[in-house]
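Have a look at the structure below before the remarks.
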Amino acid sequence: MPSDDAAAAAPASASASDGAGLEKIRALASAKDPVPVLNSHPGQLDERLGVTYLEASKDRVVARMPVEGNRQPMGLLHGGSTIALCESVASIGAFLHGAELGKAAVGVDVNATHHKSATSGFVTATATPIRMGKTATSHEVVVVDDAGERVCTARITCFLK
């Protein structure tokens, strides 16, 4: 159980359980440009990771994340942070596709390969669809560092319900 200090330090982001998450979903589904909605109402994990969305459509989602604050003890970008970024961008793409079908998207499978480490600056993730069906989507996510070198490649599958 988290301590009172941990709870006090937690961001005040909206969660689905308090009704504000539903408000964000409705705003995303109706937005001509989802980027301002994503950046002004981040999910709790995106907020903690420092994720900023640059582009968002059902065909392509781009976001960046700082390495600072997301390192493992050896000073390298934590692989879990990278994978969370990958699932976030793929899930937004799946959600924007699912919204057209009146469905929500939830991640059900993540496969990632880390190619090199990042130690400073930012990483940028780009999600593009492999397949977008009526019940599931698959996205490829490519993560690059500031020099444009590939840090990670992931494949994310989301279920539409």
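Give the residue that is nearest to N111 (Cα to Cα), with candidates limited to residues of the range 61-83 that are without any contact (Cβ under 8 Å) to a residue 12 or more places away in the chain and part of a loop (DSSP other than H, G, I, E, B). Out of the qualifying residues, it is H78.
Flag set for I92, criterion: among the β-branched types (V, I, T), touching a residue at least 12 places away in the same chain (Cβ under 8 Å) and in a helix (DSSP H, G or I).
Condition first: assigned to a helix (DSSP H, G or I), hydrophobic (A, V, I, L, M, F, W, C) and in contact with a His (Cβ under 9 Å, 6 or more places away or on another chain). Can you find one or more residues in the range 49-60 that meet it? No, that holds for no residue. For the range 23-49, give me the residue count where each residue is more than 20 Å from E100 (Cβ to Cβ), within 14 Å of the chain's Cα centre (by Cα) and free of Cβ contacts under 8 Å to residues at least 24 places away in the same chain. Going through the range 23-49 one residue at a time, the tally reaches 1. For the range 95-110, enumerate the residues that are over 15 Å from the mean Cα position of the chain (by Cα) and either exposed (fewer than 15 other Cβ atoms within 10 Å of the Cβ) or assigned to a strand (DSSP E or B) (or both). E100, L101, G102 - these are the residues of the range 95-110 that are over 15 Å from the mean Cα position of the chain (by Cα) and either exposed (fewer than 15 other Cβ atoms within 10 Å of the Cβ) or assigned to a strand (DSSP E or B) (or both).
Matching residues to (1) modelled with pLDDT under 60; (2) surrounded by fewer than 14 Cβ atoms within 10 Å (Cβ to Cβ); (3) of a type in the set (F, W, Y); (4) in contact with a helix residue (DSSP H, G or I) (Cβ under 8 Å, 6 or more places away or on another chain):
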| position | (1), (2), (3), (4) |
| --- | --- |
| S3 | yes, yes, no, no |
| S17 | yes, yes, no, no |
| G21 | no, no, no, no |
| L28 | no, no, no, yes |
| P42 | no, no, no, no |
| D46 | no, no, no, yes |
| V51 | no, no, no, yes |
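Please work out if T113 is polar (S, T, N, Q), part of a strand (DSSP E or B) and crowded, with 16+ Cβ neighbours inside 10 Å. No; evaluated as a whole, the condition is false for this residue.
Within the range 128-161, the set of residues being part of a strand (DSSP E or B) and among the polar types (S, T, N, Q) comprises T128, T137, S138, T153, T157. Would you call S81 at pLDDT below 95 and either within 15 Å of D145 (Cα to Cα) or surrounded by fewer than 19 Cβ atoms within 10 Å (Cβ to Cβ) (or both)? Answer is no for this residue. If you go through the range 96-116 and keep only what is in contact with a helix residue (DSSP H, G or I) (Cβ under 7 Å, 6 or more places away or on another chain), of a type in the set (A, V, I, L, M, F, W, C) and within 25 Å of G50 (Cβ to Cβ), you end up with L96, A105, V110, A112.
It is to be established whether one or more residues within the range 121-130 are more than 20 Å from G43 (Cα to Cα), surrounded by 13 or more Cβ atoms within 10 Å (Cβ to Cβ), out of contact with any His (no Cβ under 9 Å at 6 or more places or on another chain) and small (G, A, S). Looking for residues that are more than 20 Å from G43 (Cα to Cα), surrounded by 13 or more Cβ atoms within 10 Å (Cβ to Cβ), out of contact with any His (no Cβ under 9 Å at 6 or more places or on another chain) and small (G, A, S), one finds at least one in the range 121-130, hence yes.
The values are calculated or read from the model by the stated rules, or taken from the named source; none is laboratory data. Remember, predicted model here, so these are calculated numbers, not experimental data. FYI the Cβ positions are ideal-geometry reconstructions off the backbone, even for glycines, and counts take in every protein chain you see.
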